[in-house]
1. Between D66 and E19, what is the label-to-label distance in nm when each label sits 7 Å out along the Cα-to-Cβ direction?
2. Karplus couplings for the stretch 29-41 from phi (6.51 cos²θ - 1.76 cosθ + 1.60, θ = phi - 60°), rounded to Hz, Gly and Pro as x?
3. Could you please state, rounded to a whole Å, how far the C-alpha centre of the stretch 18-89 is from the C-alpha centre of the stretch 90-132?
4. Per 0.36 nm of contour for each residue apart, how much would the distance between T110 and D88 grow if the chain were fully extended, relative to their Cα-Cα spacing?
5. Tell me the relative contact order for the stretch 26-132 as a rounded percent, counting alpha carbon contacts under 8 Å between residues six or more apart.
6. Excluding ligands, DNA and RNA, what is the solvent-accessible area per residue of the chain at a probe of 1.4 Å, expressed in Å²?
7. Filter the trypsin sites (Lys or Arg not before Pro) in the stretch 1-97 down to the DSSP loop ones having no more than 14 other Cβ atoms within 10 Å, then list what survives.
8. What list of whole percents do you get for P(r) of the stretch 1-54, with Cα-Cα distances grouped in 10 Å bins up to the one holding the largest distance?
Amino acid sequence: MADWDDVRRIAMALPAAAESVAGDGTVRWQVKDKLLVWERPLRKADLAALGDDAPDGPILGARVADVGVKEALLAEDPAVYFTTPHFDGYPAVLVRLPEIAVAELAELVTEAWLDRAPKRLAKQYLEQFRQD
C-alpha cells in the first residue's frame, strides 16, 4: 500500500518540513529540528524481542502525541502498528509501511507534524483548512 515515496511526499508537503539522512544512512523527516517520522530498520535487540513476530519489509517510526495515543493505535490495528521494548514509555509507534493505507499514513504523518511543529505554525496550518 504505502511506500517511502508516499512518506516523502506527505511529509514534505507540510510547512517547514525537512528531510535528512542520519549517520547510519536512514532517512528522517523533521519540523524545526524535531523528529516526525523516520526509517527504522529492526535491530538485533528488536528481532530478539519480537521473535517470529518480527516483520519483514520497510518499517517507519512515527511520533505520536502521547503514550495513550500509541496504545490506542497498537490496539486498533496490530497488523499495521507495533512496538519494541526500545520504545517502551516513549510516544512513538512502528509501522509496517506496506500494510498502511496511504490515507492513514497521511493522517499519521500530519498528526506527528501537528504535535511537533511550533504551536504558531501548527495554528496557522489548521486555520488555513478552516478557511477552505
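1. Taking the two extended label points, one gets 3.4 nm.
2. Whole-Hz 3J(HN,Hα) from phi for the stretch 29-41: 10, 9, 10, 6, 6, 10, 5, 9, 9, 7, 6, 9, x.
3. If you average the Cα positions of each part, the centres end up 15 Å apart.
4. 5.6 nm
5. 28 percent
6. Working: 7380 Å² over 132 residues.
Dividing the accessible area of the chain by its residue count gives 56 Å².
7. Working: sites: R8, R9, R28, K32, K34, R43, K44, R63, K70, R96; in loops: K32, R43.
In loop regions of the stretch 1-97 (DSSP not H, G, I, E or B), the sparsely surrounded trypsin sites (Lys or Arg not before Pro) are K32, R43.
8. Spelled out bin by bin, the stretch 1-54 gives 22, 41, 29, 8 percent.
The values are calculated or read from the model by the stated rules, or taken from the named source; none is laboratory data. Quick caveat, the model's predicted, so the values are computed rather than measured. Cβ atoms come from the backbone with ideal geometry, glycine included; neighbour counts cover every protein chain shown. Accessible surface areas use protein heavy atoms only, side chains included; no ligands, DNA or RNA. Shrake-Rupley method; radii C 1.70, N 1.55, O 1.52, S 1.80 Å.
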